[in-house]
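K.L.:
Before anything else, here's the structure in question.
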Amino acid sequence: VIPSAVRQAQSWALGVLSDGDWAVDATVGNGQDTCFLARRVGPAGRVIGFDVQSEALVAASARLHREGLAGRVTLVHRGHEELAGWFRDHAAQRRPRVFMFNLGYRPGGDPKIVTRPDSTVSALETALELVVPGGLVTVVAYPGHEGGAEEAERVLSWSRSIPRSMARAVEFAELNTRGPAPLLIAVSRSKHRP
Ligand SMILES: C[S@@+](CC[C@H](N)C(=O)[O-])C[C@H]1O[C@@H](n2cnc3c(N)ncnc32)[C@H](O)[C@@H]1O
């Protein structure tokens, strides 16, 4: 009945996305969320996916082709801290309805290539600026790995600092786990600009 943090993020995203929307996967990894978003926005929609690792983009691209979704996805081999520049240069008129962040390192990949607190928070600020009114930014953070607790704390304090008139921020995490549980933070942009 109670989903994992990753599934709960998808479930909330499902609730706001419609056919033809644009969405961003800010950490493509093996492409699980990218495929999920691509399926949800449909053939008229578009997903932009960012990752710093070419291995991740190769794995995600293979998966997108296998699932017949590659035609509606643009994979960008850049860090999500370059989100603002990418949208300015390539799609200045488009405002995505959902941004998904899944922090940490790629499952099965190099554990040293991880998201970092400064670039994560900078990308989140851009995401909250770019997302359409009524849209959603989700972050799954993993306090269990080295540097992960600090990153999760930075995301939490950024979320708490968002003016209430701009967005609502919530936290979702399992309580009775053996180690630190993954944390989902979801930020829902107000329908009207403050
Ligand atoms: C936990 S994985 C994402 C998992 C992915 N959602 C999936 O379905 O497999 C985190 C990813 O973030 C990537 N990453 C690290 N720093 C990044 C950055 N600055 N911008 C974008 N991606 C980054 C890593 O290369 C890694 O693939």
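K.L.:
Could you calculate the contour length gain from Asp118 to His192, that is, 0.36 nm times the residue separation minus the distance between their Cα atoms, to one decimal place in nm?
P.N.:
23.8 nm
K.L.:
Which residue, Ser18, Ser161, Ser119, has the most motion in a Gaussian network model of the chain that connects Cα atoms within less than 10 Å?
P.N.:
Ser161
K.L.:
Of all GluC sites (Glu not before Pro) in region 25-127, which ones are in loop regions per DSSP and have a Cβ with at most 16 other Cβ atoms within 10 Å?
P.N.:
Glu67
K.L.:
Going by the alpha-carbon gyration tensor, a ≥ b ≥ c the square roots of its eigenvalues, is region 71-194 rounded (a/c under 1.5) or, if a/c is not under 1.5, prolate (a/b greater than b/c) versus oblate?
P.N.:
Oblate, since a/c reaches 1.5 and b/c is not below a/b.
K.L.:
Starting with the highest mean, order 177-184, 47-54, 128-135 by the number of other Cβ atoms within 10 Å, averaged over the residues of each peptide.
P.N.:
47-54, 128-135, 177-184
K.L.:
Report, largest value first, the span of the C-alpha coordinates of region 46-125 along each principal axis, in whole Å.
P.N.:
36, 34, 19
K.L.:
Tell me, in nm to one decimal, what length is gained between Gln32 and Ser165 on full extension, where the rule is 0.36 nm per residue of separation less the Cα-Cα distance?
P.N.:
Computed gain between Gln32 and Ser165 is 44.6 nm.
K.L.:
Express the relative contact order of the chain as a whole percentage, based on alpha carbon pairs under 8 Å and six or more residues apart in sequence.
P.N.:
20
K.L.:
In whole Å, what is the distance between the alpha-carbon centres of region 12-39 and region 160-194?
P.N.:
Each part's Cα centre sits 18 Å from the other's.
K.L.:
Using modelled backbone amide H atoms (1.01 Å from N, in-plane), which distant-in-sequence or interchain residues come within less than 5 Å of Leu75's amide H?
P.N.:
Residues meeting the amide H criterion: Gly49.
K.L.:
How would you classify region 1-92 from its alpha-carbon gyration tensor, with a ≥ b ≥ c the square roots of the eigenvalues: rounded for a/c under 1.5, else prolate if a/b is greater than b/c, otherwise oblate?
P.N.:
rounded
K.L.:
Moving on. Got the relative contact order for region 56-158 handy, in percent, Cα pairs under 8 Å and 6 or more residues apart?
P.N.:
Relative contact order, region 56-158: 27 percent.
Coordinate-derived values only; no laboratory data. Just so it is clear, the model here is predicted, and its values are computed rather than measured. No Cβ is skipped: glycine too gets one built from the backbone with ideal geometry, and neighbour counts run over all protein chains shown.
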